[in-house]
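Visitor: The structure that follows is given in the form of structure tokens.
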Number of protein chains: 2
Amino acid sequence: MPLDQPVSASKPRHSAHFLAETAQVDQAAVTPLPGSRKVYVKGSRDDLRVPFREISLSATRTSGADEANPPLLVYDTSGPYTDPQVEVDLRRGLAELRRPWIEERDDTEWLDGPTSDYGRRRANDPTLAPLRFELTRTPRRARRGADGRAGNVTQLHYARRGIITPEMEFIAIRENQRRQALADGYRGSDEVERILGHQHPGQGFGARLPEEITPEFVRQEVAAGRAIIPANINHPEAEPMIIGRNFLVKINGNLGNSAVTSSIEQEVEKMTWGIRWGADTIMDLSTGQNIHETREWIIRNSPVPIGTVPLYQALEKVKGVAEDLTWEVFRDTLIEQAEQGVDYFTIHAGVLLRYVPLTANRVTGIVSRGGSIMAKWCLYHHQESFLYTHFEEICEICKQYDVAFSLGDGLRPGSVADANDEAQMAELKTLGELTRIAWKHDVQVMIEGPGHVPMHLVKENMDKQLEYCDEAPFYTLGPLVTDIAPGYDHITSGIGAAMIGWYGCAMLCYVTPKEHLGLPDKDDVKTGIITYKIAAHAADLAKGHPGAQRRDNALSKARFEFRWEDQFNLGLDPDTARAYHDETLPKDSAKVAHFCSMCGPKFCSMKISQEVRDYARDNGLEGDGDAVMAGMEERARVFREQGAELYKEV
Amino acid sequence: MPLDQPVSASKPRHSAHFLAETAQVDQAAVTPLPGSRKVYVKGSRDDLRVPFREISLSATRTSGADEANPPLLVYDTSGPYTDPQVEVDLRRGLAELRRPWIEERDDTEWLDGPTSDYGRRRANDPTLAPLRFELTRTPRRARRGADGRAGNVTQLHYARRGIITPEMEFIAIRENQRRQALADGYRGSDEVERILGHQHPGQGFGARLPEEITPEFVRQEVAAGRAIIPANINHPEAEPMIIGRNFLVKINGNLGNSAVTSSIEQEVEKMTWGIRWGADTIMDLSTGQNIHETREWIIRNSPVPIGTVPLYQALEKVKGVAEDLTWEVFRDTLIEQAEQGVDYFTIHAGVLLRYVPLTANRVTGIVSRGGSIMAKWCLYHHQESFLYTHFEEICEICKQYDVAFSLGDGLRPGSVADANDEAQMAELKTLGELTRIAWKHDVQVMIEGPGHVPMHLVKENMDKQLEYCDEAPFYTLGPLVTDIAPGYDHITSGIGAAMIGWYGCAMLCYVTPKEHLGLPDKDDVKTGIITYKIAAHAADLAKGHPGAQRRDNALSKARFEFRWEDQFNLGLDPDTARAYHDETLPKDSAKVAHFCSMCGPKFCSMKISQEVRDYARDNGLEGDGDAVMAGMEERARVFREQGAELYKEV
């Protein structure tokens, strides 16, 4: 029998609600990663400092002098949390990095306070005081023009006018893996660079990946609509980042409480935990109580862009009755969230009335929450949704705060059987039409994608998206390449995510092991993030992103040289790698041993291989085989006669 | 400083050695999987009974009569362990399923005892009694012909003579997903079959996947060398299985103790645990003490083929000094293992002297243990290895027991930098030459493959392997698509494995989370197996293997209908799925609730979507949108006027 009421979780993890006075940052999120420190690369102005993580490495021990291994710079999403110079206080929020840039543009104005009805109501409700983040500033909005028309403060608007914003310059430095690798202090000897600098030519399927990413290149990509910079003027705490197929592949981590479980404090912890491991953006999908207050805490403390699905909150406002939703309620929600600083909105405006019956014969119908809500609304009212009919008004709102669209795939397939079907493709075409409308308003757009798709149908998704949506960035959930592994859908989807990232998808929305089964806890968030970092990086390698292979090379070099600590620290998750190693060989001495627990000392292929290499090198046998083999026999004979110790002991 | 002696694991998990008198089967391995029972499909003779797992499903509740969901048959590698009718006693080993078939062929003879020196020595060593499996029979070998020449008992030999063996018929029934799905008792109503029977046309890259797999098709594939049946006549306990690109993609699980850790008992447990979750073959890679005895326990209790790398044991026999290896020691080891019943041998015969210098400039040199041992041997002696020079004699041994070759990729890349390089491709060509030599002797062959390969270079591996090795089955380790995630290499490699399986790889060798870091424990074995079952199944789906999608459809149907127990039981790991679900919604009532913890009752997309579907169905709105939309408005108006309860409550 279906239950009418939410059931409670059996083990609530926090007995009391999160309180504004006692909020504390998760200590696990502020410890620097092992062997790492935060460094900043300065741009053209003093307040443009781009953060990286620098992983320091030990020297390679050789029979002669030790050979230094240069530190590695890696892209860092963790924000000020991993900078010991910064004292993080969740109650105050992060510093307003972008405030001077926004103010210099001189095209915005402070509002007296929230302009949404709901935002005002929450601000004035004294019972919410214990939950409320104490924001000391009011929202900002685009200043109206002399003609009284709303202004436009989107990065796309600037890009099309030829303006290179500080955000664009920040991004250029941040994305420049190749250039940073070759900067002073990050270069090794010629021999070390031969190894670190190797990179296979990639297969980009039309991606354009220049050796050096310039601010002008960033501007051009944004202007063309091929990339977006989600950067609401009310989220000045965020470090600029870009989503587009000609840049590094990004990943998103979802969090959010539901009616059933979870507290504000847990959600903020999941955010700081998610960015520590590499989430490029975070979506707050809360559907439970106090959505507004939860979101404020998250945004004020997030150095990465925050996305939402405003429909979820709008539905809460009409007590969960889909057919009671109205444009007015929805509009007020958009303004409420835009004034809080949400950087991108998922809008399911592509669910048209005539597409709904196309889902009736599916195995899993409509699995998108937003899509199903809108389908119900459309059927009930027998008209197109207010998202579709009011789309230009939504654009008007977005452009005044620079909220980007993430056009939702409300009809995405929820099973491999439903992949690439008529309903899905019909909606995708409509998303293309909406993209062109948004661009008319200089509003940034990306497109959401499936879902569940068997491997051989993945590429069609990417190709059709590029075709229908004029190369607007694609942002996909997985896709899951099979339905049969609940409990492991981070893996079923990680396979599809890596592939579609290679084919050109710009951002991959993570899936955790709890997908289809429950809400993720912190462990699940980490597992999902690491899985998706793997997928995104594998895609960068396959596309041939300049400099992407350097980290692989550095790690493999460390592995081959038995620099265990370096191997751990260069990995995506040093803690887990170290713990696994220590399960069998916990002694510190084992970490400098020239073997490991897998083979033991006698069978170690790495050790033998080192010997072979040393032998070849010492005897001038490098390079192509045939040419050097002639001299080998004599040398072998001499060494044989000198006794069994042919191979150098390191 | 490198250590000279093996170090001990800090926490030995078994204080005493495994004893022949007290050996007990792991209870976790003999419990039937939830909702499942073992069933057998009989072939053309009474002793040909092909095991399957039957997953029973609950009915779909509708507003009318409940609709039955037929049980699903799935391929089952777990052998007699999950059959409650069979009493498993590790000390006696499994029943000799294939004995009558082998004897009927009347081409083998009993030996008086082991014919290898080493096998005799171990059999006669009284101190080994507590460790020894008490085998009551002697080894079997091909009977010599009237001309005194060795006989040939390989499945390839029979296949080429047009003989369909019981093994081939067994395999045909086992592989026939489509046919079994349509058998009596496994069909649903027409509407249920519409959902369960849906399958996307696949993209097979040249695979030939008939709707029905006949015994004759199996014979043809074996005769052509495109598939192998690893089935040593001294392993009559094994249930026949096939490895070839025109069959279901298979997976292998590795186990094995090392000098550093692990006991016999643990290894047997890992085997029974691995086959429970789906390992199609098991490789015993032990390098520590008592390799011979460990292997005997594993083979006698294994219903799946067992592979080994005989070189590891040969090296133990010469105290770990690679250059002391001789053909005589190696030959004796082959016979020792063949007479125990090893079903396939990894032989690194493709490591030629002239290829060794090609690895000197690699980032990670030679990472294959076998490859590095042989490289060292070749360099030291400055001659081609005894594996290469005595290859025809190895064939002579293999054909008398039907041991298949798994030609080892000793020069596989150990980092993405080294992928697809000259050394790797040179060796692959040599493996092709060796394949043709083995085929001359009617010895079955598969080819091992890499390794570490970025995504865009994976397909070249498959294409070159098919070209150089004349379509002999490919058997790859991963490949890992990036090097940067130690601790998660089941995932980095699962991505590559799924892709290469799609492209045509016949068997995928699993990688566990401990890869590069330590030896896997039971949890790691399970994680590796499930990850690889995902990869293999995703590949079957993408290739379009007839019937492969039925399990996805059945699970997705259960998911959509909130049949939680069915969803768990249809998954690859019911225990984990159930546990994850119960973390948030543990009450039994939640398992029949029409929502879950992710969205709560109001936001449940599945629930709303069901309502949409019901509405569409009740109003004749199925199928294409435009045609049926005309009548919708009037219906919507009528329903609206009847009040808010438009949508049927289930």
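The values are calculated or read from the model by the stated rules, or taken from the named source; none is laboratory data. Owing to the predicted nature of the structure, the values given are computational and were not obtained by experimental measurement. No Cβ is skipped: glycine too gets one built from the backbone with ideal geometry, and neighbour counts run over all protein chains shown.
Visitor: Can you tell me how many residues in region A:513-536 are within 16 Å of the chain's Cα centre (by Cα) and without any contact (Cβ under 8 Å) to a residue 40 or more places away in the chain?
Guide: 2
Visitor: Kindly indicate whether any position in region B:6-25 is surrounded by 15 or more Cβ atoms within 10 Å (Cβ to Cβ), at pLDDT 90 or above and either among the small types (G, A, S) or farther than 19 Å from B:I173 by Cβ (or both).
Guide: yes
Visitor: Could you identify the single residue in B:E467, B:E471 that is surrounded by fewer than 24 Cβ atoms within 10 Å (Cβ to Cβ) and not in a helix (DSSP H, G or I)?
Guide: Only one candidate passes the filter, namely B:E471.
Visitor: Among the residues of region A:229-272, count how many are surrounded by fewer than 23 Cβ atoms within 10 Å (Cβ to Cβ) and aromatic (F, W, Y).
Guide: Residues in region A:229-272 being surrounded by fewer than 23 Cβ atoms within 10 Å (Cβ to Cβ) and aromatic (F, W, Y): 0 in total.
Visitor: Here is a further query. Against the definition (touching a residue at least 40 places away in the same chain (Cβ under 8 Å), farther than 24 Å from A:M241 by Cβ and touching a Phe, Trp or Tyr at 6+ places or on another chain (Cβ under 6 Å)), how does A:E323 come out, yes or no?
Guide: The answer is yes for A:E323.
Visitor: Take the residues in region A:284-307 that are within 14 Å of another protein chain (Cβ to nearest Cβ) and closer than 21 Å to A:P139 by Cβ; name whichever of them is surrounded by the fewest Cβ atoms within 10 Å (Cβ to Cβ).
Guide: Taking the candidates together, the pick is A:I291.
Visitor: Then there is this: Here is a list: A:Y388, A:Y401. Which entry is over 19 Å from A:L285 (Cβ atoms), of a type in the set (S, T, Y) and surrounded by fewer than 24 Cβ atoms within 10 Å (Cβ to Cβ)?
Guide: A:Y388
Visitor: Among the residues of region B:155-166, how many are touching a Phe, Trp or Tyr at 6+ places or on another chain (Cβ under 9 Å) and surrounded by 24 or more Cβ atoms within 10 Å (Cβ to Cβ)?
Guide: Total meeting the criteria: 1.
Visitor: Would you be able to tell me the number of residues in region A:537-553 that are over 18 Å from the mean Cα position of the chain (by Cα) and more than 9 Å from chain B (Cβ to nearest Cβ)?
Guide: Summing the residues that are over 18 Å from the mean Cα position of the chain (by Cα) and more than 9 Å from chain B (Cβ to nearest Cβ) in region A:537-553 gives 3.
Visitor: With B:V351, B:V356 as the choices, which residue is within 14 Å of chain A (Cβ to nearest Cβ) and in contact with an Asp or Glu (Cβ under 8 Å, 6 or more places away or on another chain)?
Guide: Selected residue: B:V351, the only one of B:V351, B:V356 that is within 14 Å of chain A (Cβ to nearest Cβ) and in contact with an Asp or Glu (Cβ under 8 Å, 6 or more places away or on another chain).
Visitor: Is it true that B:G274 is among the small types (G, A, S) and part of a helix (DSSP H, G or I)?
Guide: Yes; evaluated as a whole, the condition is true for this residue.
Visitor: Is it fair to say A:A238 is within 20 Å of A:E471 (Cβ to Cβ) and at pLDDT 95 or above?
Guide: Considered against the rule, which asks whether it is within 20 Å of A:E471 (Cβ to Cβ) and at pLDDT 95 or above, A:A238 comes out as no.
Visitor: I need a count of the residues in region A:424-440 that are crowded, with 22+ Cβ neighbours inside 10 Å and either among the aliphatic types (A, V, I, L, M) or farther than 12 Å from A:C469 by Cα (or both).
Guide: Residues flagged as crowded, with 22+ Cβ neighbours inside 10 Å and either among the aliphatic types (A, V, I, L, M) or farther than 12 Å from A:C469 by Cα (or both) within region A:424-440 amount to 5.
Visitor: Determine which member of the set A:R194, A:R149, A:R140, A:R208 is closer than 18 Å to A:D106 by Cβ and without any contact (Cβ under 8 Å) to a residue 40 or more places away in the chain.
Guide: Of A:R194, A:R149, A:R140, A:R208, the one residue that is closer than 18 Å to A:D106 by Cβ and without any contact (Cβ under 8 Å) to a residue 40 or more places away in the chain is A:R149.
Visitor: Check whether at least one residue in region A:398-411 is closer than 30 Å to B:H537 by Cβ and either over 25 Å from the mean Cα position of the chain (by Cα) or assigned to a helix (DSSP H, G or I) (or both), and report yes or no.
Guide: No, the conditions are met nowhere in region A:398-411.
Visitor: From B:L156, B:L128, which residue is at pLDDT below 95, touching a helix residue (DSSP H, G or I) at 6+ places or on another chain (Cβ under 9 Å) and of a type outside the set (S, T, Y)?
Guide: Going through B:L156, B:L128 in turn, the sole match is B:L128.
Visitor: Next up: Among the numbered conditions (1) on the phi > 0 side of the Ramachandran plot; (2) modelled with pLDDT under 95, tell me where B:D106 comes up short.
Guide: (2)
Visitor: Do we have A:D47 as of a type outside the set (V, I, T) and surrounded by fewer than 14 Cβ atoms within 10 Å (Cβ to Cβ) here?
Guide: yes
Visitor: At the interface with chain A (Cβ under 9 Å from one of its Cβ atoms), free of Cβ contacts under 8 Å to residues at least 24 places away in the same chain, over 25 Å from B:P305 (Cα atoms) and not hydroxyl-bearing (S, T, Y), is that true of B:I484?
Guide: It is true that B:I484 is at the interface with chain A (Cβ under 9 Å from one of its Cβ atoms), free of Cβ contacts under 8 Å to residues at least 24 places away in the same chain, over 25 Å from B:P305 (Cα atoms) and not hydroxyl-bearing (S, T, Y).
Visitor: Mind checking which residues of region A:409-439 are touching a helix residue (DSSP H, G or I) at 6+ places or on another chain (Cβ under 8 Å) and either more than 14 Å from chain B (Cβ to nearest Cβ) or at pLDDT below 95 (or both)?
Guide: Answer for region A:409-439, where residues must be touching a helix residue (DSSP H, G or I) at 6+ places or on another chain (Cβ under 8 Å) and either more than 14 Å from chain B (Cβ to nearest Cβ) or at pLDDT below 95 (or both): A:L428, A:L431, A:G432, A:L434, A:I437, A:A438, A:W439.
Visitor: If you go through region B:207-220 one residue at a time, do you hit one that is closer than 19 Å to B:P305 by Cα, of a type outside the set (K, R), in contact with an Asp or Glu (Cβ under 9 Å, 6 or more places away or on another chain) and crowded, with 18+ Cβ neighbours inside 10 Å?
Guide: Within region B:207-220 (the criterion being closer than 19 Å to B:P305 by Cα, of a type outside the set (K, R), in contact with an Asp or Glu (Cβ under 9 Å, 6 or more places away or on another chain) and crowded, with 18+ Cβ neighbours inside 10 Å), the answer is yes, since at least one residue qualifies.
Visitor: Every residue in region A:187-206 that is surrounded by fewer than 18 Cβ atoms within 10 Å (Cβ to Cβ) and more than 20 Å from A:K543 (Cα to Cα), please.
Guide: The answer is A:R187, A:S189, A:D190, A:E191, A:E193, A:R194.
Visitor: Determine which member of the set B:Y312, B:Y344 is crowded, with 19+ Cβ neighbours inside 10 Å and modelled with pLDDT under 95.
Guide: After applying the criteria, what remains is B:Y312.
Visitor: Kindly indicate which of B:G547, B:G496 is of a type in the set (G, A, S), in contact with a helix residue (DSSP H, G or I) (Cβ under 7 Å, 6 or more places away or on another chain) and either farther than 27 Å from A:D524 by Cβ or part of a loop (DSSP other than H, G, I, E, B) (or both).
Guide: Of the residues listed, the single one that is of a type in the set (G, A, S), in contact with a helix residue (DSSP H, G or I) (Cβ under 7 Å, 6 or more places away or on another chain) and either farther than 27 Å from A:D524 by Cβ or part of a loop (DSSP other than H, G, I, E, B) (or both) is B:G547.
Visitor: Can you confirm whether A:A577 is assigned to a helix (DSSP H, G or I) and more than 7 Å from every other protein chain (Cβ to nearest Cβ)?
Guide: No: the conditions fail for A:A577.
Visitor: Assess whether B:A558 counts as being facing chain A (nearest Cβ under 9 Å) and at pLDDT 95 or above.
Guide: So B:A558 fails the test.
Visitor: Taking into account only those residues within region A:240-270 that are polar (S, T, N, Q) and part of a strand (DSSP E or B), which is farthest from A:R161 (Cα to Cα)?
Guide: Here the answer is A:N254.
Visitor: Within region A:499-536, how many residues are assigned to a helix (DSSP H, G or I) and facing chain B (nearest Cβ under 8 Å)?
Guide: Counting residues in region A:499-536 that are assigned to a helix (DSSP H, G or I) and facing chain B (nearest Cβ under 8 Å) gives 7.
Visitor: Yes or no: B:E87 touching a Pro at 6+ places or on another chain (Cβ under 7 Å) and on the phi < 0 side of the Ramachandran plot?
Guide: In short, no.
Visitor: Can you list residue pairs whose Cβ atoms sit under 6 Å apart, with the first residue in region B:357-379 being touching a residue at least 40 places away in the same chain (Cβ under 8 Å) and over 12 Å from A:E611 (Cα atoms) and the second being in a helix (DSSP H, G or I) and β-branched (V, I, T)? Count only pairs 6 or more apart in sequence or on different chains.
Guide: B:V363/A:I195
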